[in-house]
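The values are calculated or read from the model by the stated rules, or taken from the named source; none is laboratory data. Keep in mind that what you see is a predicted model, and the values were worked out from it rather than measured. Note that each Cβ is placed from the backbone with ideal geometry, even for glycine, and that neighbours are counted across all protein chains shown. For accessibility, only protein heavy atoms count, side chains too; no ligands or nucleic acids. Shrake-Rupley method; radii C 1.70, N 1.55, O 1.52, S 1.80 Å.
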Amino acid sequence: MRVAVFGAGYVGLVTGACLAELGHRVVVRDVVEAKVHALRSGVVPIHEPGLDELLERSGDRITFTTDVAEAVDGADVVYIAVGTPPTYSGDADLSDVWTVVDELPAVDRRIVLAMKSTVPVGTGRAVRHRLDDRGLANVGYASNPEFTAEGTAVRDFMEPDRIVIGAFEDVDADVVASLHEGIQGRIVRTDVASAEMVKLASNAALMTRVSFINEIANVCEATGADVIAVAEAVGLDHRIGSSFLRAGIGYGGSCFPKDSLALKQLAANSGYNFQLLNAVIEVNELQKRRVIGKLERRLGPLRGKRIALLGLAFKPGTDDMREAPSLVLAGRLLAEGAEVTAWDPVADGSSQLHGVEIGESPLAALDGVDGAVIVTEWPELRELDWGAAAERMRGNVLIDGRNFLDPDAMRALGFAYEGIGRPVV
């Protein structure tokens, strides 16, 4: 088929590249000329493992443009994969979605407009009304939410747990389903509103698990239990499983924080107080700030202290710093009067972390610091010569925000090591 993808971000690029890999002819449209020019030149503007190779391999089946007419010309399916950031009220900002809908030209054949962006429940029906008002009755509509995680997005698309398709007409669902031929994944067909809710509910369930295990970790710290042992034993229960039971400093990224606010606001707008989700969000925000408390207990007042943040991206395998814990930690440390250094192998925090000194390597970031925090569990940190790091540091405080390193090994090297939810020496 011929497919147009509106939006060349993390979701749009992965969607377009994977569909091209499946044999479809894809045109990706974006409004940022510099991004389109870079993609035409073979430069991928985001870090996503496997994406560069996919685009290179499918180069003759995928093109990039800023022109709407060029993208839609001959397309059987038009995907919307634009951003839906939160507004000040917590609602999803759908302005880019409506721009795509309003720019869609009249066509003399049936095409399908498929929503890949995460949108509030009810968006599909509103889009359907807008299309009808414009006289575009021959444009079908389907909700086809994405369930890809940054760092593993290509694999998640090609080897999905499920493919959710909600449509007003069966014929449109059939078209979207046929796009995924060659992928071994269960296709779940629903109404449009249910498909929209599946995405929000899935992320809410994952966020709840993260905040739950972090709450357990905090109780473990207060009682002397070890959350690593607790989580392992709890995860062996087949009713629970081990996924997302890793204590740390909270979730971040472009999806979880945004989607939690959107679902909370959706419930509030519908007259329902989503108390559990409110608690999940609050726990996540407080979890980041507990790291500052750990540093203060070890170092005293942080004014004049030099602290290193190891890892800036919200998770390993990506350069995405949206809602990353590193932003909160850096802001709080600077507000306390500390000097802050940082390192990340792929994320460039220079434009977002004003007043933070960015090191070219972990050792450079650790040079002369009083304490360090592991923010992102990059493999490079496990392979680091921590003995050499200890010699370069002025102090010896090491807060492992991801329980990534061996506590006994770190303490043997002289570090005042502290993890999350683990016994404190």
Q: Take segment 1-39 and flag every residue that is more than 17 Å from Asp156 (Cβ to Cβ) and assigned to a helix (DSSP H, G or I).
A: Glu33, Ala34, Lys35, Val36, His37, Ala38, Leu39
(Q) Under 6 Å between Cβ atoms, which residue pairs at least 6 apart in sequence (or on different chains) link something in segment 317-340 that is touching a residue at least 40 places away in the same chain (Cβ under 8 Å) with a partner that is surrounded by fewer than 18 Cβ atoms within 10 Å (Cβ to Cβ) and β-branched (Val, Ile, Thr)? (A) Asp319/Val346
**Q.** Among residues of segment 251-273, those that are under 19 Å from Ala81 (Cβ atoms) and either open to solvent by 40 Å² or more (accessible area, probe 1.4 Å) or aromatic (Phe, Trp, Tyr) (or both), counted
**A.** 1
Q: Go through (1) closer than 20 Å to Gly151 by Cβ; (2) of a type in the set (S, T, N, Q); (3) not in a loop (DSSP other than H, G, I, E, B) one by one and return the number of the condition Thr318 breaks.
A: (3)
Q.
Restricting to segment 248-279, count the residues that are free of Cβ contacts under 8 Å to residues at least 12 places away in the same chain and among the polar types (S, T, N, Q).
A. 3
Q: Scan segment 292-304 and give yes if some residue there is surrounded by 14 or more Cβ atoms within 10 Å (Cβ to Cβ) and closer than 27 Å to Pro85 by Cα, otherwise no.
A: no
(Q) Return the residues of segment 394-418 that are without any contact (Cβ under 8 Å) to a residue 40 or more places away in the chain and surrounded by 22 or more Cβ atoms within 10 Å (Cβ to Cβ); say none if nothing qualifies. (A) Leu398, Asp400, Phe415, Tyr417
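Before we move on, is Ala279 more than 19 Å from Glu357 (Cα to Cα) and either assigned to a helix (DSSP H, G or I) or open to solvent by less than 10 Å² (accessible area, probe 1.4 Å) (or both)? Steps first, answer last, please.
On the way: more than 19 Å from Glu357 (Cα to Cα): yes; either assigned to a helix (DSSP H, G or I) or open to solvent by less than 10 Å² (accessible area, probe 1.4 Å) (or both): yes.
It is true that Ala279 is more than 19 Å from Glu357 (Cα to Cα) and either assigned to a helix (DSSP H, G or I) or open to solvent by less than 10 Å² (accessible area, probe 1.4 Å) (or both).
Would you check which residues across segment 40-54 are in a helix (DSSP H, G or I) and closer than 15 Å to Val11 by Cβ and list them?
We begin by selecting, within segment 40-54, every residue in a helix (DSSP H, G or I); these are 40, 51-54.
If the condition is that a residue be in a helix (DSSP H, G or I) and closer than 15 Å to Val11 by Cβ, then Leu51, Leu54 are the ones that fit.
Mind listing just one residue for me: the one in segment 22-67 that is of a type in the set (Asp, Glu) and within 16 Å of Ala4 (Cα to Cα) and, of those, surrounded by the fewest Cβ atoms within 10 Å (Cβ to Cβ)?
As a first pass, look at segment 22-67 and keep what is of a type in the set (Asp, Glu): 30, 33, 48, 52-53, 56, 60, 67.
Next, only the ones that are within 16 Å of Ala4 (Cα to Cα) stay: 30, 60, 67.
Working: Asp30: 23, Asp60: 8, Asp67: 11.
Restricting to residues being of a type in the set (Asp, Glu) and within 16 Å of Ala4 (Cα to Cα), the top hit is Asp60.
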Q.
Checking Ala193 against (1) part of a helix (DSSP H, G or I); (2) closer than 29 Å to Ala267 by Cβ; (3) open to solvent by less than 40 Å² (accessible area, probe 1.4 Å); (4) in contact with a helix residue (DSSP H, G or I) (Cβ under 8 Å, 6 or more places away or on another chain), only one condition comes out false. Which one?
A. (3)
**Q.** Of all residues making up segment 57-89, the number that are touching a residue at least 60 places away in the same chain (Cβ under 8 Å), under 19 Å from Ala17 (Cβ atoms) and in a loop (DSSP other than H, G, I, E, B)
**A.** 5
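When the residues of segment 349-360 are narrowed to those that are in a loop (DSSP other than H, G, I, E, B) and open to solvent by less than 40 Å² (accessible area, probe 1.4 Å), which ends up nearest to Arg392 (Cα to Cα)?
Going residue by residue through segment 349-360, those that are in a loop (DSSP other than H, G, I, E, B) are 349-355, 359-360.
With open to solvent by less than 40 Å² (accessible area, probe 1.4 Å) added as a condition, the list becomes 349, 353, 359.
Values: Gly349: 23, Leu353: 23, Gly359: 13 Å.
Restricting to residues being in a loop (DSSP other than H, G, I, E, B) and open to solvent by less than 40 Å² (accessible area, probe 1.4 Å), the top hit is Gly359.
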Q. Could you say whether any residue in segment 108-120 is assigned to a helix (DSSP H, G or I), open to solvent by 10 Å² or more (accessible area, probe 1.4 Å) and out of contact with any Pro (no Cβ under 6 Å at 6 or more places or on another chain)?
A. no
